[in-house]
Amino acid sequence: MNYNRLILWITSLVLIAFEIYSFTTDSHYKWDFFFLIGLLWAVYFMRDKIKLHPLHFFLFSLFLVMHNLGTFGTYSNYYFGFEYDFWVHSYFGLVSAFILYRTYRLAGPYRGWFVYLAIIAVILGFSAFHEIFEYAGAMTVGKGEGVLFVGAGDTDEWDTQKDMRNNLIGAIVGLALYRIYQFALPSNVRGKRKKIR
């Protein structure tokens, strides 16, 4: 069974359902759909090049759904003492670290400790691009919800720095978890899986 394809279609249907809801409620998240569905399909089409594991693609798809839950007002809420925005950005860093670690270990040019620095730099680059994109959207269309507007989750004057910090926290946790997973493997399995992790 092709799990990545299954994940692609299920996530696409979930995002389409959110899009229909966004149109019926006139939520600004109706514009996010185009970016999210494009990102989902782009990652799917790069799956062989980036050595995408189905579990990582599933976790990435959950990130897209988590972001789009904003159409229900989640970015105005706090969960376990933290803004929803904290959880989404941290989770993005975590999932990106998983995907990039596997990519760099199997197809990347970097080795040793530099892999970790490269992954963190790439994730912070993604984060910076997102913040600039969000800023450009806010300057163009103003207040509201979603990635193109300034709204819930973006009201703090330090929002950009906090979002990037949260992505960094997620990336560090993701890299640590991947490393712990590697050490937890029995030594005979670890040796055999060294090239395919």
* Can you tell me how many residues in region 88-115 are of a type in the set (S, T, N, Q) and in contact with a His (Cβ under 8 Å, 6 or more places away or on another chain)? -> 0
* Structure fact -> Of the listed residues (89, 56), the one being modelled with pLDDT of 90 or more, closer than 21 Å to residue 162 by Cα and either among the polar types (S, T, N, Q) or touching a helix residue (DSSP H, G or I) at 6+ places or on another chain (Cβ under 6 Å) (or both) is 89
* Structure fact -> By residue number, the members of region 20-53 that are on the phi > 0 side of the Ramachandran plot and touching a helix residue (DSSP H, G or I) at 6+ places or on another chain (Cβ under 7 Å) are 51
* To do: Within region 58-71, count every residue that is farther than 13 Å from residue 8 by Cβ and crowded, with 18+ Cβ neighbours inside 10 Å.
  => 6
* In region 5-57, how many are of a type outside the set (A, V, I, L, M, F, W, C), surrounded by 18 or more Cβ atoms within 10 Å (Cβ to Cβ) and assigned to a helix (DSSP H, G or I)? -> 9
* Asked: Could you say whether any residue in region 121-134 is among the hydroxyl-bearing types (Ser, Thr, Tyr), at pLDDT 85 or above and surrounded by 16 or more Cβ atoms within 10 Å (Cβ to Cβ)?
  -> yes
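The values are calculated or read from the model by the stated rules, or taken from the named source; none is laboratory data. Predicted model only: the values in this text are computed from it and were never measured. Glycine also receives a Cβ, built like all others from the backbone with ideal geometry; neighbour counts cover every protein chain displayed.
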